[in-house]
Protein chains: 2
Amino acid sequence: MPKTPLPPGSTIGILGGGQLARMLSVAASRLGIKTYIYADEAAAPAFAVASDRTVGAYDDEQAVAAFAGKVAVVTCEFENVPAKALEVAARAAQVLPPAKSFAVAQDRLAEKDFVAGLGIPVAPYAAVETLDELRAALTRLKLPALLKTRRLGYDGKGQVPIRDAGEAGSTWHAIHGVPAVLESMVRFEREVSVIAVRGRGGEIRFYDPVENVHQDGILAISRVPAAIPPSSTVEARRIAGAIAEALGHVGVIAIEMFEREDGSLVINEFAPRVHNSGHWTIDACLVSQFENHVRAICGWPLGDTGRHSDAVMTNLIGADIDKWRELAAEPGTSVHLYGKTEARPGRKMGHVTRLSPKS
Amino acid sequence: MPKTPLPPGSTIGILGGGQLARMLSVAASRLGIKTYIYADEAAAPAFAVASDRTVGAYDDEQAVAAFAGKVAVVTCEFENVPAKALEVAARAAQVLPPAKSFAVAQDRLAEKDFVAGLGIPVAPYAAVETLDELRAALTRLKLPALLKTRRLGYDGKGQVPIRDAGEAGSTWHAIHGVPAVLESMVRFEREVSVIAVRGRGGEIRFYDPVENVHQDGILAISRVPAAIPPSSTVEARRIAGAIAEALGHVGVIAIEMFEREDGSLVINEFAPRVHNSGHWTIDACLVSQFENHVRAICGWPLGDTGRHSDAVMTNLIGADIDKWRELAAEPGTSVHLYGKTEARPGRKMGHVTRLSPKS
């Protein structure tokens, strides 16, 4: 990896053009860094704040190669980039985070094996390739459980609950019989996530742990500080640091965890990218997760992850966006709209952050 | 003026493509508003974060008309837009702030007459059209004084100090004998500015007054809170409100004042736009001056102008930019670089904001 940082005026490439790429572009602009967005839809939200843009399929190798040839570093706003696209891009530019972060995060089985292999607690799980294997796993693991496809899951997609072994057939059918992981559901007090950023030289910084509330499998609310004891904060950071380190990760990484009644933490999953549960950092920190991701991949010194305020971030999902006028008039509230034209149910259209003095 | 706000997804036009337009674009993106930038140089910093861009002269009426025809509202990042451009734009789109704000701010004599006409204190001044008038004015006004061209002044440009009546000829020569204003220098304790924002419906909000330090006629440092008594804060806001109201202004307006030893305030000048002394609001407020300008011209509810932290903003002028790595590594500091390629002496290349807990 080059030792010198990318100077102001450089252009970074981003695969993906959604709200994460949009907020990355804005953060890059603060550093005098331009962005070139590659997205598969003409109405990509990030195009509105980018220097350059290409509309293309992520498996269009020629187009991806041409894009990578015009930038110094390529990064991604989502973890499910085709491995081939990353490989093609890597021939022309540096790709960060490194391929390993994507390879592990793209496959729920690899992810669980990886985390468990580090001695970090995960929910009991079993690999499942056939209906017979699912039936066998259901006799070993405690119910209720979740059957999750190994690939292409996010926002609760690609996972089906199983409450009774008799549901094996219907559940297997529901996930179209693709390779999967069966996982016991963890009883937890609260969902917590930690956003960490790791630099090119291995330095690592953490934002304060966040408490998350999901609805229908989609993040609804993130709250900071999380109502967890200081020992859990220390442990959450230790875990996040161990995962980032073992991956050789560069950039932001988000680790989702469950806090159990006894205060212990169990890893749910991680995302090798900026994360919805870190959006509060735009308003409550001097340097946001987005800016720190850009700093990391550009080899800049990492920015201050300290927090000047308490924050509650609430997603605007689907028709929630219709309330934009009322939200914009609320004191102590900042509104972030992603510029998406169609407010489909379940679609993240924006978020609001409410700040209060640091407790 | 239309009663309904511009909905998310709308595009606003900005005349000017420097750092102010760049930060306006970024702020607009938070609201789901796109920007179309019209600038007279191909390397305009704002182009990197805009949806659409045109390179054209500000007096190219056809190009300005075409630009205005594609947006809902036109605004400006600088006050010295040719009146003709504003007139042409106004035929195709709403132009905000309104023409009166520009007309008054573009002419130092009109500005002083306007402010003085509101009963607000200004430094003693005299209109000067000829060398004889300058000589006559020098006998009436207290020295030292400043001879300022009526038009096209900013960052200390277009003004020359006069310490002795014998300098009349050389000073008149220095400003090329254009229409001017002679103004007695005010002895002051500190320079203060107030950033106000006025909405389309006349509602008005203020950021906390700022203490400014200039070097070589260019803003060097802005500090908030300003070390002024509460009564001066009340008075500074009253003055800012009276000026905005009398102009029928819509958008952000910045009023620069001198605080004299006795605590009284004297108006120096105002700028009918976002202002360098308000850059700290990006980091220390939930809603920045840039976002509030966009909200105002789009008819949105004004955003919270409250401040969660104390702040010191330091401009990076010319070669200061070379220290970007060290600055980026400083805790408690956020770095803002404008993406300008050439670091000429006196050129504003970026700024840093240092936050501390609210005092």
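Coordinate-derived values only; no laboratory data. Just so we're clear, the structure is a prediction, and the values are computed from it rather than from any experiment. Don't worry about glycine lacking a Cβ; one is built from the backbone with ideal geometry, like all the others, and counts go over all protein chains shown.
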Quiz prompt | Inter-copy label distances at A:Gly306 (7 Å, Cα→Cβ; nm, one decimal) | solution = 2.2
Quiz item: Suppose every K and R has +1 on its Cβ and every D and E has -1 on its Cβ; what is the size of the dipole of chain B about the Cα centre, in Debye to the nearest 20?
Solution: 680 debye
Quiz item: Over the Cα atoms of the stretch B:1-149, how large are the radius of gyration and the largest Cα-Cα distance (Dmax), in Å?
Solution: 19.0, 59
Quiz item: If the cut-off is a Cα-Cα distance under 12 Å, which aspartates and glutamates reach A:Lys157, setting aside same-chain residues fewer than 8 apart in sequence?
Solution: A:Asp216
Quiz prompt | Tail weight of P(r) past 18 Å, computed on alpha-carbon pairs of the stretch B:36-112, percent | solution = 40 percent
Practice problem: Run down the lysines and flag those whose C-alpha is under 22 Å from the C-alpha of B:Lys100, throwing out any fewer than 8 positions away in its chain. | Solution: B:Lys3, B:Lys84, B:Lys112, B:Lys148
Quiz item: Where the centroid of each part is defined by its Cα atoms, how far is the stretch A:104-149 from the stretch B:109-123 in Å?
Solution: 75 Å
Practice problem: May I ask you to derive the relative contact order of the stretch A:111-197, considering only C-alpha pairs under 8 Å and at least 6 residues apart, and to give it as an integer percent? | Solution: 37 percent
Quiz item: In the P(r) worked out for the protein assembly as shown, what percent of Cα pairs fall beyond 44 Å?
Solution: 28 percent
Quiz item: If you average the sequence gap of Cα pairs under 8 Å that are 6 or more apart and divide by the length of chain B, what percent do you get for the contact order?
Solution: 14 percent
Quiz item: Once amide H atoms are built 1.01 Å from N in the peptide plane, which residues 5 or more positions from A:Leu316, or in another chain, come under 5 Å H to H?
Solution: A:Met349, A:Gly350, A:His351, A:Val352
Quiz prompt | Three-way shape label, the stretch A:160-301, alpha-carbon gyration tensor, a/c 1.5 | solution = prolate
Quiz item: Percentage of Cα-Cα pair distances in the stretch A:183-230 greater than 15 Å, rounded to whole percent?
Solution: 58 percent
Quiz item: Residues with amide H under 5 Å of B:Arg151's amide H, sequence separation 5 or more or different chain, H placed in the peptide plane at 1.01 Å from N; which?
Solution: B:Arg108
Exercise. Let me know the Rg and Dmax you get for the stretch A:124-184 when you use only its Cα atoms, in Å.
Key: 10.0, 28
Quiz prompt | Segment B:Glu129-B:Leu143, extension gain: residue separation times 0.36 nm, minus the distance between their alpha carbons | solution = 3.1 nm
Quiz item: How big is D, in µm² s⁻¹, for chain B by Stokes-Einstein at 4 °C and 1.567 mPa s if Rh is the Kirkwood radius over C-alpha pairs?
Solution: 62 µm²/s
Practice problem: In debye, nearest 20, what is the charge dipole magnitude of the protein assembly as shown about its Cα centre with +1 on Lys and Arg Cβ and -1 on Asp and Glu Cβ, if you could check? | Solution: 140 debye
Practice problem: Restricting things to alpha carbons, find the Rg to Rh ratio for the stretch B:232-359 using the Kirkwood radius for Rh. | Solution: 1.00
Quiz item: In whole Å, how far is the Cα centre of the stretch B:292-335 from that of the stretch B:243-257?
Solution: 21 Å
Exercise. Place the label 7 angstrom along Cα→C-beta at A:Ala227 and in each other copy, then list the distances from the first to the rest in nm, shortest first.
Key: 4.5
Quiz item: Taking a label point 7 Å from Cα toward Cβ, how far is A:Thr139 from its twins in the other copies, in nm, shortest first?
Solution: 11.5
